[in-house]
Each structure stands twice: as C-alpha cells, then as structure tokens.
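Here the structure is laid out as structure tokens; the discussion comes afterwards.
The values are calculated or read from the model by the stated rules, or taken from the named source; none is laboratory data. Quick caveat, the model's predicted, so the values are computed rather than measured. Quick reminder, even Gly has a Cβ in these numbers, built from the backbone with ideal geometry, and neighbours come from all protein chains shown. Side chains included, ligands, DNA and RNA excluded: accessible areas come from the protein's heavy atoms. Shrake-Rupley method; radii C 1.70, N 1.55, O 1.52, S 1.80 Å.
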Amino acid sequence: MKKHDFLDLKIGAVEQYSMVVNKSDLEEWKKSGWLEFQEINLPEGDEEAFLLYGDIDENETLIFNRPTLLKNCKKKETIGLVVLELTTHLGNYGMGGAGFFGLLLSNKHYLTFAAWSAGEYVIINDRVVECNSKFYKKTKPWISNFGEDQTWDDLSDKVVGSTIKDYSFTKESCNILLLKNSKEFKIELVKNDKRLPRKVGRKKNAFKKGQISDYILFQHEEATLIV
C-alpha cells in the first residue's frame, strides 16, 4: 500500500503534522483539510503510539494534515497578529523535543522555525535566543534552561503582547519585525551567522537543504510537528 504524503511530509525537518481531537469535532477539522489516521493508511496499531502522538481516549481520534509555510501565505494575513507566547520546545521525535522556536500568535497558531535547536539560530536585537552554556562568559543568551543559576528568560515579557509589523525573506534568513509600546524587536531566523557563538571554526548550519523559507511554518497550537 502506498504511503500517504501526510506520513512523510518532507517539509524541512518535519515528517508529520498531527493532532488528537474529539471525535465529535472531526467533521469540522476535515473542512480544514485534516484527515483521520485511517484515511492516510496509518498502519494498524500506530494510532496508539503515544510517544509520538500522545494519549488518545476512546472519545478522541488522531488526525493529520500538512502545515502551511509562511512563504505561501498572504502577507496581510500575518501582519497585525499579536504574540501571545514564546517557546523553544516545539517538535517531537518520540523520545524528546526537537527544540523548534515558535511564537504563538492570535490566530491560534505558532509561527515556527522548524529546525533542530532553532533557538541557537535566532537572533533578536543582536542577541542570540539560546546557546550552549560554555559560551556564557562571552555571550548571555535571552533564554537558558540549564538549571539553577543557569536558568532564565529575559525575552518572553518583552515580546509577549507585541504585534507583527513586517517580515521578509532572503535565501538564508527571515527577518520579522515586532512592535510593542513603540519599541521594535528585530527577529532574525538564520541558517548561519558570524554573530552566533561558536567553537573555533564555523558553526554548523541550521539546515542542510533548501532555503530558510522551507522551514518556517504555521502550526496549530494544539498540534504537534513530528520529526
């Protein structure tokens, strides 16, 4: 039996885009292009793979779709959206997170940079969002999750409540301009950059194939990107 496209999306690092929903809401989700697991020929029993898809109750079902890339959206649909939350923990490979960077917006979707450990490739107002603790003497990132005195978040309070003012792409970067109380925040999602903390030599790229616009997408706040 031929493998359905929804089981092997090949969108950047993303292989699947899934969500657990109440069966009573299934028809509404289908109107938005979602398909139930049987419809995409998911092998029998895989619907119980909670490591990837989460626990599924008897009144729930597993559905799949294809996430929308930002580059395929009309700009007017994104400009003006408000940032409700920031996270560096999106994406799932079954045994943990992929470290995708995401902004939860007022359209109930995360605007997600779907690259492994993406926070290390996001620069906001010339300060990297995340980096390895061994670089802390030279670089203090916006966010750290290494425990005790190496745990902080200097970013969320600053950008939550901001509005997307503009965005643009190059082949290797995406620049997003946020505005909050007349203060601008320039978010740079990059493939690589000399401002990133690194060992001697060149830091590895955020991705190997394609352009950065292949890795920036909208993800429903209740859905999961599987890598």
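Observations
- Assigned charges on the beta-carbon of Lys, Arg, Asp, Glu; segment 75-227 dipole about Cα centre (debye): 880
- Each Lys and Arg contributes +1 and each Asp and Glu -1, all at the Cβ; summed about the Cα centre of segment 1-148, the dipole is approximately 1260 debye.
- Point-to-point label distance, L69-K204, nm (Cα→Cβ direction, 7 Å offset): 2.3
- Restriction of the chymotrypsin sites (Phe, Trp or Tyr not before Pro) in segment 108-139 to DSSP coil positions whose beta-carbon has at most 15 other beta-carbons within 10 angstrom yields Y136.
- Over the chain: helical MRE at 222 nm, DSSP H runs n ≥ 4 each giving -39500 (n - 2.57), nearest 500: -1000 deg cm²/dmol
- For the chain, the fraction of 1.4 Å probe accessible surface lying on carbon and sulfur atoms is 47 percent.
- The largest-to-smallest principal axis extents of the Cα set in the chain are 52, 37, 35 Å.
- Sequence-distant contacts, meaning Cα pairs under 8 Å at least 6 residues apart, place the relative contact order of the chain at 24 percent.
- Prolate/oblate/rounded label for segment 157-197 (Cα gyration tensor, a/c 1.5): oblate
- For the pair T170 and E60, the difference between a 0.36 nm per residue extended length and the Cα-Cα distance amounts to 35.5 nm.
- Expressed per residue, the C-alpha convex hull volume of segment 120-170 stands at 95 Å³.
- Förster radius 25 Å - calculated FRET efficiency between K10 and Q150 (Cβ-Cβ, nearest 0.05): 0.10
- Under Karplus coefficients 6.51, -1.76 and 1.60, residue-wise ³J(HN,Hα) of segment 129-137 in Hz, glycine/proline x: 6, 9, 6, 5, 4, 5, 9, 5, 5
- For K74, a cut-off of 20 angstrom between C-alpha atoms picks up these lysines, skipping any fewer than 8 places away in its own chain: K108, K165, K171.
- Global form of segment 74-144, assessed from the alpha-carbon gyration tensor, a/c cut-off 1.5: oblate
- Three-way shape call for segment 162-227 based on the alpha-carbon gyration tensor, with the a/c threshold at 1.5: oblate
- Loop-resident sites, segment 71-170, for trypsin sites (Lys or Arg not before Pro), counting at most 15 other Cβ within 10 Å (DSSP): K74, K108, K137, K138
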